[in-house]
Amino acid sequence: MKVTQHIENAQGKPLFSFEILPPLKGQNIQSIFDGIDPLIEFQPPFIDVTYHREEYEFKELDNGLLQKKIVKKRPGTVGICAAIQGKYNVDAIPHVLCGGFTKEDTENLLIDLDFLGIDNVVALRGDALKTETYFKPEKDGNHYATELVAQISNLNRGIYLDEDLKNTAKTNFCIGVAGYPEKHMEAPSLDSDIHFLKQKIANGADYIITQLFFDNQKFFDFVAKCRKAGITVPIIPGLKPIATKKQLNLIPHRFSLELPDALIMEVVRAKDNDAVRQIGIEWCIAQSKELLAAGVPVLHYYSMGRADNIQAIAKEVF
């Protein structure tokens with residue numbers, strides 16, 4: 001079932017969902033199930049599964065030269081989605097990226113997903129490689145999420161890259177896209193970011209899921225700006241509880257966002273990471289309750305492979 005259908009069928013009742021990472025190469029899928037099992041009691045209608053593109057590493061050879069090696073550290077997104085739908089009867093939503101894919105690769109991936117009965121995707125540009133300052137698309141790949149959304153939307157109309165194909169089957173994907181309450185790190189302003197977000201919607205996106213944030217007012221202001229710009233699709237807030245002192249520096253740097261001073265000072269005064277974890281849970285519970293009171297359709301949590309703190313939050317909220 002599509003995300004938008006889940007929201008409509010809930011008739012105003014807020015839904016619980018979360019995102020998981022594929023395990024590192026060499027681990028089995030049981031680690032995924034171990035992270036999902038504690039959260040199934042909250043009846044998530046869908047679970048997001050991230051996609052991780054290849055990375056480049058340099059290995060020193062015996063002669064002292066460096067050999068460039070392509071490594072994919074977290075493969076298995078499509079297989080995990082199929083396993084989730086088979087085991088839990090819950091819709092799994094794979095992320096689909098511009099980075100690392102030609103348009104032909106993307107089309108073939110979408111065909112596989114369609115054959116597996118996967119009805120939803122999240123269309124993202126993706127990050128630059130660690131060895132690159134700026135994002136570089138593949139040759140003959142999509143440059144921006146707006147283009148990727150358009151390609152998926154074309155498949156939904158039976159339009160394939162090969163114009164000579166006849167009597168083509170139409171896919172039926174519900175397309176999610178990312179929104180940034182504090183703007184994308186590369187955007188010159190929030191208004192310009194929303195301008196391109198509106199283009200994603202015009203190209204066929206059905207809902208928005210936001211980057212994480214820790215100040216609900218940032219989300220409320222973002223939603224208000226989207227609505228003023230004419231964006232009417234559901235906007236789902238994405239939340240992540242802070243868990244370690246180190247994240248005070250990592251999160252703002254990695255996600256280009258601000259942490260509220262009140263949260264910062266609580267974490268600074270915490271005696272250890274166990275105390276920080278509890279602070280993060282309580283802060284996220286307060287965020288969640290305020291967002292529910294404001295009428296958000298879904299609360300979406302970034303689990304990052306950990307279920308215990310998300311479970312503690314969900315017990316208090318749902």
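Multiply the residue gap between N63 and D164 by 0.36 nm, knock off their C-alpha separation, and tell me the result in nm, one decimal place.
31.2 nm
What ³J(HN,Hα) values, in whole Hz, does the Karplus curve 6.51 cos²θ - 1.76 cosθ + 1.60 give for segment 18-30 when θ = phi - 60°, with x put for Gly and Pro?
Using θ = phi - 60°, the values come out as 7, 10, 10, 9, x, x, 4, 3, x, 8, 9, 6, 4 Hz.
What distance in nm separates the simple spin-label points at F220 and K315, each placed 7 Å from Cα in the Cβ direction?
About 3.0 nm, to one decimal.
Among residues other than E316 whose Cβ falls under 12 Å from its Cβ, what is the net charge (Lys/Arg +1, Asp/Glu -1)?
It works out to a net charge of +1.
I need the shape label for segment 200-318. Rule: rounded when a/c is under 1.5, else prolate if a/b > b/c, else oblate, with a, b, c from the alpha carbon gyration tensor.
In terms of gyration-tensor shape, prolate.
Which pairs, out of K87/K200; K130/K246; K183/K315; K2/K73; K2/K170; K198/K218, put more than 23 Å between their alpha-carbon atoms?
Going by Cα-Cα distance, K87/K200; K183/K315; K2/K73 fall outside the 23 Å limit.
What is the local net charge at V233, summed over the other residues whose Cβ is closer than 11 Å to its Cβ (Lys, Arg +1; Asp, Glu -1)?
Summing Lys and Arg as +1 and Asp and Glu as -1 gives +2.
What's the ranking of 117-123, 129-135 by average number of surrounding C-beta atoms within 10 Å, highest first?
117-123, 129-135
Tell me, what ³J(HN,Hα) does each residue in segment 260-265 have, in order and in whole Hz, if you take phi through Karplus 6.51 cos²θ - 1.76 cosθ + 1.60 with θ = phi - 60° and put x for Gly and Pro?
Along segment 260-265, the couplings run x, 4, 4, 5, 4, 5 Hz.
In terms of the Cα gyration tensor, with a ≥ b ≥ c the square roots of its eigenvalues, is segment 11-157 rounded because a/c is under 1.5, prolate because a/b exceeds b/c, or oblate?
oblate
Non-local amide H neighbours of G179 (under 5 Å, H modeled in plane, Pro and chain starts lacking H): which ones?
For G179, whose amide H was placed from the backbone, the distant partners under 5 Å are I209, T210, Q211.
If you count only protein heavy atoms with a 1.4 Å probe, what accessible area per residue comes out for segment 106-186, rounded to a whole Å²?
Result: 53 Å² of accessible area for each residue.
Between E132 and K87, what length in nm is gained on full extension when 0.36 nm per residue of separation is reduced by their alpha carbon distance?
Stretched out fully, the E132 to K87 stretch lengthens by 12.3 nm.
Could you list which residues have their amide H under 5 Å from that of I93, counting only those 5 or more apart in sequence or on another chain, with H placed in the peptide plane?
For I93, the qualifying residues are I47, D48, V49.
On a C-alpha basis, how far is the centre of segment 274-289 from the centre of segment 127-185 in Å? Whole number, if you could?
35
Sorting check: for 96-102, 262-268, which peptide has the highest mean count of neighbouring beta carbons within 10 Å, and how do the rest follow?
Packing order, densest peptide first, comes out as 96-102, 262-268.
So how far, in whole Å, is the C-alpha centre of segment 295-318 from the one of segment 198-240?
19
Summing +1 for each Lys or Arg and -1 for each Asp or Glu, what net charge is found among the other residues whose Cβ lies under 11 Å from the Cβ of D215?
Around D215, the surrounding residues sum to -4.
For K228, list the aspartates and glutamates whose Cα falls under 18 Å from its own Cα; do not include residues on the same chain fewer than 8 positions away.
E182, D191, D193, D206
Amide H to amide H, which residues 5 or more places from L15 or on other chains are under 5 Å from it, using H placed in the peptide plane?
Residues meeting the amide H criterion: V298, L299.
What FRET efficiency comes out for the pair K139/N28, r = Cβ-Cβ distance, R0 = 35 Å, nearest 0.05?
Here the calculated transfer efficiency is 0.50.
How far, in nm, would the chain grow between A202 and I111 when pulled straight, counting 0.36 nm per residue and subtracting the alpha carbon separation?
Length gained, A202 through I111: 30.5 nm.
When DSSP beta bridges are limited to those with both residues in the chain, what percentage is antiparallel, rounded to the nearest 5?
Approximately 20 percent, going by the DSSP bridge assignments.
Assign unit charges at the C-beta atoms only (+1 for Lys and Arg, -1 for Asp and Glu), then state the dipole size of the chain relative to its Cα centre in Debye, rounded to the nearest 20.
Rounded to the nearest 20 debye, it is 320 debye.
What is the distance in Å between the Cα centres of segment 87-118 and segment 1-35?
Segment 87-118 and segment 1-35 have Cα centres spaced 15 Å from each other.
Please turn the phi angles of segment 158-169 into ³J(HN,Hα) values with the Karplus equation 6.51 cos²θ - 1.76 cosθ + 1.60 (θ = phi - 60°), one per residue in order, whole Hz, x for glycine and proline.
Per-residue couplings from phi come out as x, 9, 9, 5, 7, 5, 7, 5, 10, 6, 6, 7 Hz.
Do you know the relative contact order of the chain, to the nearest whole percent, from alpha carbon pairs under 8 angstrom that are 6+ apart?
19
The values are calculated or read from the model by the stated rules, or taken from the named source; none is laboratory data. What you see is a predicted model, and the numbers here were worked out from it, not measured in a lab. Counting neighbours? That spans all protein chains shown, and the Cβs are built from the backbone with ideal geometry, glycine included. Accessible surface is based on the protein model in full, side chains and every heavy atom, while ligands, DNA and RNA are left aside. Shrake-Rupley method; radii C 1.70, N 1.55, O 1.52, S 1.80 Å.
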